[in-house]
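As structure tokens, the structure follows; a few thoughts come after it.
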Amino acid sequence: MLITDRDRQGPPRPALLAGLRRGDLVIFRDYDAPDRPALGRLWRRLTRARGIGLLVAGDRSLALALDADGQHLPGHRLRRPEIRRLPRLLPASAAVHDRRDLVRARRRGAELLLISPVLPTRSHPGARVLGPLRFRALARQADRPVVALGGMDRSRLRQLSPCRNLTGFAAIDAFRRAGYSGGATAASTSFSSQRLDS
């Protein structure tokens, strides 16, 4: 799963998707981009052409306007009291940093959980990390698929085994590394292809 960050990745382009396979996912963040809808349309065209799912972070209206495959709830959105349960317009993923976030994400109907930060990451330098043991403990409490986020790549993903509901990892930079191929596994694929009735 690729997470967008135009400051670090540059503009949307096919090369950014080179490490992803058909059915993998992209989470479109870039919250502060003044041209966010136009940027989202570029990501939608790129992902659709490659058979990759698109989740829009933090903006259900934009997700619907882009005909995205789902929405992503960042941690700060989970903590807002007015977000009780998501309308069943789109499948949803959610960011989970601790047990309280896990409970909130389940209550709000998130189907896929991004648990982070697993390891030190450029996005949040100096942040307290979960490490493999605490990641697995939190993942065990989830009754749905989880994705590892924070300092992850394919080799680091192996450190998290065994974890029965771990479906892959998400990253901003890992897919740009030379020689990488293959993203998340089939559990993310089924999430991205689901459509829920409103």
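The values are calculated or read from the model by the stated rules, or taken from the named source; none is laboratory data. Quick caveat: nothing in here was measured; it's all calculated off a predicted structure. Don't worry about glycine lacking a Cβ; one is built from the backbone with ideal geometry, like all the others, and counts go over all protein chains shown. In case anyone asks, the SASA skips ligands and DNA or RNA and just uses the protein heavy atoms, side chains included. Shrake-Rupley method; radii C 1.70, N 1.55, O 1.52, S 1.80 Å.
Observations, loosely collected:
- Top-ranked residue in region 1-19 [being surrounded by fewer than 18 Cβ atoms within 10 Å (Cβ to Cβ) and among the hydrophobic types (A, V, I, L, M, F, W, C); ranked as modelled with the lowest pLDDT]: 18
Each row is one residue, and each column tells you yes or no for (1) in contact with a helix residue (DSSP H, G or I) (Cβ under 9 Å, 6 or more places away or on another chain); (2) within 24 Å of residue 71 (Cβ to Cβ); (3) open to solvent by less than 30 Å² (accessible area, probe 1.4 Å).
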{"position": "106", "(1), (2), (3)": "no, yes, no"}
{"position": "114", "(1), (2), (3)": "no, yes, yes"}
{"position": "117", "(1), (2), (3)": "no, yes, yes"}
{"position": "123", "(1), (2), (3)": "yes, yes, no"}
{"position": "128", "(1), (2), (3)": "no, no, no"}
{"position": "133", "(1), (2), (3)": "no, no, no"}
{"position": "142", "(1), (2), (3)": "yes, yes, yes"}
{"position": "149", "(1), (2), (3)": "no, yes, no"}
{"position": "152", "(1), (2), (3)": "yes, yes, yes"}
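- Looking across region 15-43, the residues that are on the phi < 0 side of the Ramachandran plot, within 14 Å of the chain's Cα centre (by Cα) and of a type outside the set (Lys, Arg) come down to 20, 24, 25, 26, 27, 28.
- The single condition among (1) at pLDDT 90 or above; (2) out of contact with any strand residue (DSSP E or B) (no Cβ under 7 Å at 6 or more places or on another chain); (3) of a type outside the set (S, T, N, Q) that residue 160 does not satisfy is (2).
- Test: residue in region 41-52 that is open to solvent by less than 10 Å² (accessible area, probe 1.4 Å), closer than 18 Å to residue 91 by Cα, small (Gly, Ala, Ser) and out of contact with any Cys (no Cβ under 9 Å at 6 or more places or on another chain): no
- Restricted to region 34-139, the set of helices (runs of 4 or more DSSP H) holding at least 2 residues that are at pLDDT below 95 and under 28 Å from residue 11 (Cβ atoms) comprises 60-65, 75-78.
- Restricting attention to region 110-149 and to residues that are of a type in the set (Lys, Arg) and out of contact with any strand residue (DSSP E or B) (no Cβ under 8 Å at 6 or more places or on another chain), the residue that is nearest to residue 168 (Cα to Cα) turns out to be 136.
- Only one of the numbered conditions (1) basic (Lys, Arg); (2) within 23 Å of residue 147 (Cβ to Cβ); (3) surrounded by 14 or more Cβ atoms within 10 Å (Cβ to Cβ) is not met by residue 22, and that is (3).
- Contact map, region 135-154: first residue over 20 Å from residue 92 (Cβ atoms), second residue open to solvent by less than 10 Å² (accessible area, probe 1.4 Å) and assigned to a strand (DSSP E or B), Cβ cut-off under 8 Å, separation 6 or more or different chains; pairs are 135/115; 135/148; 152/169; 152/170; 152/171; 153/169; 153/171; 154/169.
- Candidates 66, 78 - the one that is open to solvent by less than 20 Å² (accessible area, probe 1.4 Å) and over 15 Å from the mean Cα position of the chain (by Cα): 66
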